[in-house]
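Here the structure is laid out as structure tokens; the discussion comes afterwards.
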Amino acid sequence: MRGWRPGVRASSLAALMTRSTWLTLAAMALLALCLAAAERFGNEYQVRLLHNVAVFITLAVSYHLINGVCGQLHLGPNAFITLGAYTAALLTLTPAEKAATFLLTPLIWPLREVSLPLAPALLAGGLVAAGFGVLTGFPVFRVRGDYLAIVTLGFGEVVRVAANNLQGLTNGPLGLKGLHPLDSLWWSWGVAGLTVLVVHRLKNSSFGRAMQAIREDETAARAMGVDAFRHLMLAYVLSAFFFGVGGGLLAHLITTISPGLFSFFLTFQLLIIIVVGGLGSTTGAVLSAVFFTLAGEWLRVVEEPRQVFGLMVPGIPGLRLVIFSLLLLLVILFFRRGLLGRREFSWAALGAWLSGGRRSKSRG
Amino acid sequence: MALLELRQVGMRFGGLLALEDLNLEVPEGGLYGLIGPNGAGKTTVFNLISGFLRPTSGSIRLSGTELVGLPPHRITALGVARTFQNIRLFGELTVLDHVLVGQHLRGRARWWQAVLGLPGARREAREQERRAWELLTAVGLAEVAHEPAGQLPYGHQRRLEIARALATGPRLLLLDEPAAGLNPQETRELMTFLQDIRRRYGLTLLLIEHNLPLVMGLCEHLTVLDHGLTIAQGPPAAVQKDPAVIRAYIGKR
């Protein structure tokens, strides 16, 4: 008789599920409490930092969907973030503010007069980004091969050049100023929570498994009846949507946007985040996004002028990036698969690790 | 009527003629073998049937439905599953995941239903998991269900490739050298296994094989290819005696 006994496995699995579900819910309640406290008692800087953390979670997790889960090298998140940022910004500004901003060329007609609340503006930002996702994804995924990297990299440039030159739509190089700042942490954290939930559930569904199969061996996946085009389009367009929403949030967080603001550098930052977190791990992307956003702030210290043994050392701008690069090298050298690899964080694994010091693999 | 019917199928890669005028009729429930020396065009035939290549001429029908021009996933959905000559598994995914991926195409739930966790989608996921365990138990892989496929021993990997193909719910199973790399003992087990799944799932099998004892012992009908040409067709006993076959294939040994 084979070792598998359905009843035993199913019931112990169910027990584990409920316990870890409770732990997850408790952790989320704790997080919500912390956020509420931060919003109430935190200073402006702390609140801003928390916004940043949430937006980077959103961006990293959606990037992980296409790069980590599907294994497609996408190099253009910045393009979709820019699209979402401009769309949302143009929708939330009041007609009077727009008239004051667009001095050289007036804003084109329908946009000139509309003014929407933040939520529909963010949604519109996501939808516009997703629409461009469909347009760019369609030709790319029709053919097989590594065209995605080239097309998305080029698309980033196209968006930047277009933003610089479409005066009547984007106000050109002057950009948009005086956006209404986010009035509550729940905007950014709500979006982050939603993104994580959607990506996590998708990854663990039948569709997510098919996407991972494409990553591992596209030919074999197609032979097993997986429609590679549809699955890759789904991941790509869905990630574009969340990039767009995240871009809308970033715009209202920074309150001033210009064509070159979201450059390839942002994409590179996101790439570091998901590689360090472990390509293919949702929880790895979340943890890594939190870490990098906070570390980016803490490391500001190294760029400030300071006394070292009585000598005045001037601040070196950009030193943080050198440190990040070194960190990336270290991770690639010693944790080749990133911190979590393709595993996911699970309470059971954490418990085993804490109690035995033994690394236990989480399964799915 | 034949389940699979190839008529005058030809395939050219530029100036290279890989296959010429192949006619093949695989009856429902049959166990059919495709043999021939290296480079005879056997794997090309599989790539043509499963839609990875489009023939330059001829027609391929599965119980009357034309397969030429359909993408691989549509052909799989119609009931043709295959394995690969060099095993192609989804390295990091577990054994259970492989079988679940195989079932994915039979799923009715849409992606957003799965994301929202709607009752129908959840029920379907549970049902798929149940069937996956059933299949793994049937092929003897239930014990390693949570192992990453890349870490399985070779014989298990071969078996998993067949299990994954079975999970797609095929009527016709194309096996590309299933006994490659197996020792005589494992080959015998494979023969019993193939007979068994054929009965259990009502399958029609078409296999490419180099291992002549296996082919002769298992197949009811053979087609012998050499340099893209069909040099003999018929039951194993007759094919074995065919002078052209002996010259092209067996005579070389």
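The figures follow:
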item	result
Index of the failed condition, A:Arg160 passing every other in (1) within 20 Å of the chain's Cα centre (by Cα); (2) buried (at least 21 other Cβ atoms within 10 Å of the Cβ); (3) more than 21 Å from A:Thr58 (Cα to Cα)	(2)
B:Asn38 being more than 14 Å from chain A (Cβ to nearest Cβ), within 24 Å of B:Val215 (Cβ to Cβ), among the polar types (S, T, N, Q) and touching a Ser or Thr at 6+ places or on another chain (Cβ under 9 Å)	no
Yes/no for A:Leu104 being assigned to a helix (DSSP H, G or I) and farther than 18 Å from A:Leu73 by Cα	no
When residues of region A:209-233 are limited to those that are at the interface with chain B (Cβ under 7 Å from one of its Cβ atoms) and charged (D, E, K, R), the one surrounded by the fewest Cβ atoms within 10 Å (Cβ to Cβ)	A:Asp217
For A:Leu350: the one exception among (1) open to solvent by 90 Å² or more (accessible area, probe 1.4 Å); (2) away from chain B (no Cβ under 14 Å)	(1)
Within region B:138-253, helices (runs of 4 or more DSSP H) holding 2 or more residues that are open to solvent by less than 30 Å² (accessible area, probe 1.4 Å) and modelled with pLDDT of 90 or more	B:154-167, B:184-201
Set A:Phe241, A:Phe265: member being outside any loop (DSSP other than H, G, I, E, B), modelled with pLDDT under 95 and open to solvent by 20 Å² or more (accessible area, probe 1.4 Å)	A:Phe265
Sole exception among (1) part of a helix (DSSP H, G or I); (2) open to solvent by 30 Å² or more (accessible area, probe 1.4 Å) for B:Arg106, by number	(1)
Sole exception among (1) more than 12 Å from chain B (Cβ to nearest Cβ); (2) open to solvent by 10 Å² or more (accessible area, probe 1.4 Å) for A:Ala192, by number	(2)
Pairs, first over 30 Å from B:Gln195 (Cβ atoms) in region B:7-32, second of a type in the set (A, V, I, L, M, F, W, C) and open to solvent by 30 Å² or more (accessible area, probe 1.4 Å), C-beta under 8 Å, six or more apart	B:Gly10/B:Leu17; B:Met11/B:Leu17; B:Met11/B:Leu53; B:Glu20/B:Leu229; B:Asp21/B:Leu229
Odd one out for A:Leu123, checked against (1) of a type in the set (A, V, I, L, M, F, W, C); (2) open to solvent by 40 Å² or more (accessible area, probe 1.4 Å); (3) farther than 30 Å from A:Leu279 by Cα	(3)
Scope region B:1-17; condition among the charged types (D, E, K, R) and open to solvent by less than 90 Å² (accessible area, probe 1.4 Å); matching residues	B:Glu5
Any hit, region A:168-176, residues being in contact with a Pro (Cβ under 8 Å, 6 or more places away or on another chain) and in a loop (DSSP other than H, G, I, E, B)	yes
Any hit, region B:73-93, residues being closer than 20 Å to B:Gly169 by Cα, aliphatic (A, V, I, L, M), more than 14 Å from chain A (Cβ to nearest Cβ) and out of contact with any Pro (no Cβ under 9 Å at 6 or more places or on another chain)	no
Search result, residues across region B:117-137 that are assigned to a helix (DSSP H, G or I), facing chain A (nearest Cβ under 9 Å) and either open to solvent by less than 30 Å² (accessible area, probe 1.4 Å) or over 23 Å from A:Arg343 (Cα atoms) (or both)	B:Ala121, B:Glu124, B:Gln128, B:Arg130, B:Trp133, B:Leu136, B:Thr137
Scope region A:26-46; condition farther than 16 Å from A:Trp186 by Cβ and open to solvent by less than 70 Å² (accessible area, probe 1.4 Å); matching residues	A:Ala26, A:Ala27
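Residue by residue, here is whether (1) surrounded by fewer than 12 Cβ atoms within 10 Å (Cβ to Cβ); (2) not in a loop (DSSP other than H, G, I, E, B) holds:
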| position | (1), (2) |
| --- | --- |
| A:Leu249 | no, yes |
| A:Leu261 | no, no |
| A:Ala289 | no, yes |
| A:Phe292 | no, yes |
| A:Val302 | no, yes |
| A:Gln307 | yes, yes |
| A:Pro317 | yes, no |
| A:Leu333 | yes, yes |
| A:Arg336 | yes, no |
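The values are calculated or read from the model by the stated rules, or taken from the named source; none is laboratory data. Not measured: the values here are computed from a predicted model. Don't worry about glycine lacking a Cβ; one is built from the backbone with ideal geometry, like all the others, and counts go over all protein chains shown. Note: areas computed on protein heavy atoms with side chains; ligands, DNA, RNA excluded. Shrake-Rupley method; radii C 1.70, N 1.55, O 1.52, S 1.80 Å.
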